[in-house]
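Have a look at the structure below, then the notes.
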Amino acid sequence: MTKKNNSLVDFIESSPLLSVCDKKWIDFILERKTIFHIKKKQFVFSEKEKVLGVYFVCKGLVKVFKNGIGDKCQIIRFSKKGNIIGHRGWNKEFMPISAVAVEDSDILMISTEDFTTLLENNPKLTYTFLEFFSEELYQSENKMKNLSLMNIHEKLADSLLYLENKFGVNKKNQIDIVLSRKDLADFAGISEKQVSKILSEWAFEKILILEKKNISILQKKYLQELLKGKIIAH
């Protein structure tokens, strides 16, 4: 087995979804998969294009988003190594969402037909996939509810805490994902101008530290209490 295939086997065996497949079906994935090398800002797939399959992030970072009223971008989530994307289009004719590389990324694609075959022959995969779908639906509905009820400070606080929880922090205690102010705004559901203004306020108040696009949360409790309504932001 080549070094490249060894790397793919390691990836599949570490994937929360694909790792539950029986060995012969892991071999099936290795034989049938397609690997794409996607440059930063390039599309992995676009909303309304024909569905070809489901995708897994092998390396890099991808943003999944949908265009709303007036073509306003709403980022649904950021997907890192090991995450599945494009699954909302599974069993549909056209993609309901888009995905773009935030940084250079390697993407593994399994065709719709092959992924259906995997589900039909791997009960554990089917169960894990349903569990994943259920949790994602809950998170998506919860986020939509929050966006409708929160003010702009709460939306940004919620987004920063979510990103730190999902991606962790680096050695400098910075959230381990580097986003443009626009991407952060599109994820939080507020404007880029509002993001810059609130971040500057919080940096001045020593609630966080800004270093170019990097963000370190110093007072996590402040953000948490802001979300609980114990602090009123002005």
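The values are calculated or read from the model by the stated rules, or taken from the named source; none is laboratory data. Every value quoted in this text rests on a predicted model; they were computed, and no experiment measured them. We place every Cβ from the backbone using ideal geometry, glycine too, and count neighbours over all the protein chains shown.
Restricting LYS81, LYS66, LYS50, LYS41 to residues that are touching a residue at least 24 places away in the same chain (Cβ under 8 Å), on the phi > 0 side of the Ramachandran plot and surrounded by fewer than 18 Cβ atoms within 10 Å (Cβ to Cβ) narrows the list to LYS41.
Screening LYS145 on (1) without any contact (Cβ under 8 Å) to a residue 24 or more places away in the chain; (2) more than 21 Å from the chain's Cα centre (by Cα) shows it passes everything except condition (2). When SER159 is tested against (1) touching a residue at least 40 places away in the same chain (Cβ under 8 Å); (2) assigned by TED's automatic domain parsing to the domain that holds SER200, just one condition goes unmet, and that condition is (1). Just one of the listed residues (ILE190, ILE152, ILE198) is β-branched (Val, Ile, Thr) and farther than 16 Å from GLN74 by Cα, namely ILE198. On the stretch given as the stretch 22-46, residues that are within 21 Å of ASN122 (Cβ to Cβ), touching a strand residue (DSSP E or B) at 6+ places or on another chain (Cβ under 7 Å) and not in a helix (DSSP H, G or I) total 2. Restricting attention to the stretch 198-228, the residues that are among the polar types (S, T, N, Q) and exposed (fewer than 13 other Cβ atoms within 10 Å of the Cβ) add up to 1. When each of ILE215, ILE232, ILE207 is tested for being outside the structural domain of PHE65 (by TED's automatic domain parsing), over 21 Å from the mean Cα position of the chain (by Cα), of a type in the set (Val, Ile, Thr) and modelled with pLDDT of 95 or more, the lone residue that passes is ILE207.
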